[in-house]
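One structure is given here, and the rest of the page talks about it.
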Amino acid sequence: MEKSYVVAVVGATGAVGTKMIEMLEQTKLPIKQIKLLASKRSAGKELKFKDQTLVVEELVPASFENVDIALFSAGGGISKVFAPEAVKRGAVVIDNTSHFRMAADVPLVVPEVNREALKKHQGIIANPNCSTIQMMVALEPIRQAVGLDRIIVSTYQAVSGAGISAVEELKKQAVDYINGTPADGLTAEIMPCGGDKKHYPIAFNALPQIDVFSDDDYTYEEWKMVNETKKIMEDDTLKVSATCVRIPVLSGHSESVYIEVENETSVTAIREVLSAAPGVVLQDDPSQQLYPQALTSVDKKDTFVGRIRKDLDEDKGFHLWIVSDNLLKGAAWNSVQIAETLHEMDLVRV
């Protein structure tokens, strides 16, 4: 008889949490019961799961009694406190925050890339940063084929990555600006980072700051992409640099990626590798103006790759354009994929 699981979603009413519920509706993971957990403020709300109406429960340690798999997306502070409580009660935690990502004993997993890392889990598995995930899906097949020496990425990230309130702020600013409010009169309380000193409008703007600034004038978001890439690919010698930019797109992160490979290859060979890669959809025909777009990536689980071209000066240099729905593959879908893979590999501890 096939195992079936009690699955909890922590942060069920948030932007990613609601997408997790959608993905669980579509999953092949055998679910016996689903529990929706959130803050005391959100407790009592009703949400749909398939044909059921479920009441959101207040998150407390006892919430994880009899839970097999817990999907977390409620902020790093919540994960720090409650993930160990879930593990203590026998659950496997798949955490979508940054809290555990760089912990040496916590696997950081993109199932298409490094599913074998799941064998080392000790109760907690980290979901990488949304921008890192889509880049790994596209670049790992190339690395396997011809090696990889350097990555330079510039991101064009959607505001939904900062939550529902950021989306609403963008919408309001856009309407106000179109209706004549000058740029310096727009209300800005969230972008570029809720925790920083100053806030700027995102409507009709591009902000080269995501998260607060850290060492060497890189933001934490940029350091996440650097460090997570090296951890996932298990290569500390890989040269990685990132510039992360927020743009006024609702959903769908885009990335301009320059790579230098170790062995000679061609655009045609890279296209062939990517066309056969799991989770990748190749959209690369300049003659027909076919290339990935943020708008058409929304609600799709795949990572889209195009604009593949050889660098004009570097023999082993290539450029790519990589796009994915940041709330799906970048968060909710990758988390559910991890749960599915745990089931396939019989690594859920029940």
Point to revise | Amide H within-cut-off set for residue 49, under 5 Å, with H built and near neighbours excluded | key: 54
Revision key, fill the gap. Of the accessible area of the stretch 132-324, computed with a 1.4 Å probe and all protein chains kept, carbon and sulfur make up a percent value of 49
Exercise for review: May I ask for the longest run of the chain untouched by GluC sites (Glu not before Pro) that are loop-located per DSSP and have at most 15 neighbouring C-beta atoms (other than their own) within 10 Å?
Suggested key: 66-188
Exercise for review: Would you kindly state how much longer the chain becomes between residue 340 and residue 45 on full extension, computed as 0.36 nm times their sequence separation minus their alpha carbon distance, in nm to one decimal?
Suggested key: 103.4 nm
Revision key, fill the gap. Under Stokes-Einstein, the stretch 132-324 at 10 °C and 1.306 mPa s, with its Kirkwood radius over C-alpha pairs, diffuses with a coefficient in µm²/s of 90
Study note, to complete from the structure: Quick calc: nm separation of the 7 Å Cα→Cβ label points for residue 55 and residue 89 -> 1.7
Revision key, fill the gap. Neighbours of residue 238 by Cβ distance under 14 Å: Lys/Arg at +1, Asp/Glu at -1, summed charge -3
Review point. Where the convex hull is taken over the Cα atoms of the stretch 253-302, what is its projected area averaged over directions, in nm²?
Key: 4.4
Study note, to complete from the structure: Residue by residue through the stretch 305-318, the couplings from Karplus 6.51 cos²θ - 1.76 cosθ + 1.60 with θ = phi - 60°, in Hz, x for Gly and Pro, are 10, x, 6, 6, 8, 7, 5, 6, 10, 10, 4, 9, x, 9
Review point. Along each of its three principal axes, how wide is the spread of alpha-carbon positions in the chain, in whole angstrom units, largest first?
Key: 60, 56, 40
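Please list the three semi-axes, largest first and in whole Å, of the ellipsoid equivalent to the stretch 1-61, using sqrt of 5 times the eigenvalues of its alpha carbon gyration tensor.
Sorted largest first and rounded, they come to 20, 12, 10 Å.
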Check your understanding: Once label points are set 7 Å from the Cα along Cα→Cβ at both residue 307 and residue 144, what is their separation, rounded to one decimal in nm?
Key -> 2.6
Review point. Alpha carbon centre of the stretch 64-94 versus the stretch 187-252: separation in Å?
Key: 27
Study note, to complete from the structure: Of every Cα-Cα pair in the stretch 100-156, the percentage lying beyond 19 Å is 37
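Specify the longest stretch of the chain that does not include any exposed loop site, a site being one of the trypsin sites (Lys or Arg not before Pro) with a non-H, G, I, E, B DSSP assignment and at most 12 other Cβ atoms within 10 Å.
199-350
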**Study point:** Integer Hz, Karplus 6.51/-1.76/1.60 couplings in order for the stretch 150-162, x for Gly and Pro
**Key:** 9, 10, 10, 10, 10, 9, 10, 9, 6, 6, 4, x, 9
Revision key, fill the gap. Here the relative contact order (percent) of the chain, from C-alpha pairs under 8 Å and at least 6 apart, is 19
Practice item. Mind giving me the FRET efficiency for residue 104 and residue 204? R0 is 51 Å, r the Cβ-Cβ distance, nearest 0.05 is fine. Key: 0.75
Review point. If the stretch 18-161 were replaced by its equivalent ellipsoid, with semi-axes equal to the square roots of 5 times the Cα gyration tensor eigenvalues, what would those be, largest first, whole Å?
Key: 30, 18, 15
Review point. Of all DSSP beta bridges located in the chain, what percent are antiparallel, nearest 5?
Key: 45
Practice item. Please report the relative contact order for the stretch 249-350, taking Cα pairs under 8 Å with a sequence separation of at least 6, and give it as a percent rounded to a whole number. Key: 32
**Study point:** Furthest towards positive pole of dipole, 6, 279, 188, structure part the chain, Cβ charges
**Key:** 6
Practice item. Could you work out the relative contact order of the stretch 132-324, using alpha carbon pairs under 8 angstrom and six or more residues apart, expressed as a whole percent? Key: 28
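What shape does the stretch 178-283 have by the C-alpha gyration tensor, where a ≥ b ≥ c are the square roots of the eigenvalues, rounded means a/c under 1.5, and otherwise prolate means a/b greater than b/c and oblate the rest?
Oblate is the answer for the stretch 178-283, as a/c is 1.5 or above yet b/c matches or exceeds a/b.
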**Study point:** Value of D in µm² per second that Stokes-Einstein yields for the stretch 281-350, Kirkwood Rh from Cα pairs, at 10 °C (1.306 mPa s)
**Key:** 112
Practice item. Using amide H atoms built 1.01 Å from N in the peptide plane, name the residues 5+ places from residue 209, or on other chains, whose amide H lies under 5 Å from its own. Key: 246
Exercise for review: Could you run the Karplus curve 6.51 cos²θ - 1.76 cosθ + 1.60 with θ = phi - 60° over the stretch 203-216 and give me ³J(HN,Hα) per residue in whole Hz, x for Gly and Pro?
Suggested key: 4, 6, 9, 9, 10, x, 8, 10, 6, 7, 7, 10, 4, 6
Revision key, fill the gap. Computed, not fitted: 222 nm per-residue ellipticity of the chain from DSSP H runs ≥ 4 (each -39500 (n - 2.57)), nearest 500, equal to -8500 deg cm²/dmol
Review point. Measuring with a 1.4 Å probe in the full set of protein chains, what accessible area per residue, in whole Å², belongs to the chain?
Key: 45
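The values are calculated or read from the model by the stated rules, or taken from the named source; none is laboratory data. This one's a predicted model, so the numbers in the text were calculated from it and none came from an experiment. Using ideal geometry, Cβ is built from the backbone for each residue, glycine included, and neighbour counts are taken over all protein chains shown. These accessible areas exclude ligands, DNA and RNA; they are computed on the full protein's heavy atoms, side chains included. Shrake-Rupley method; radii C 1.70, N 1.55, O 1.52, S 1.80 Å.
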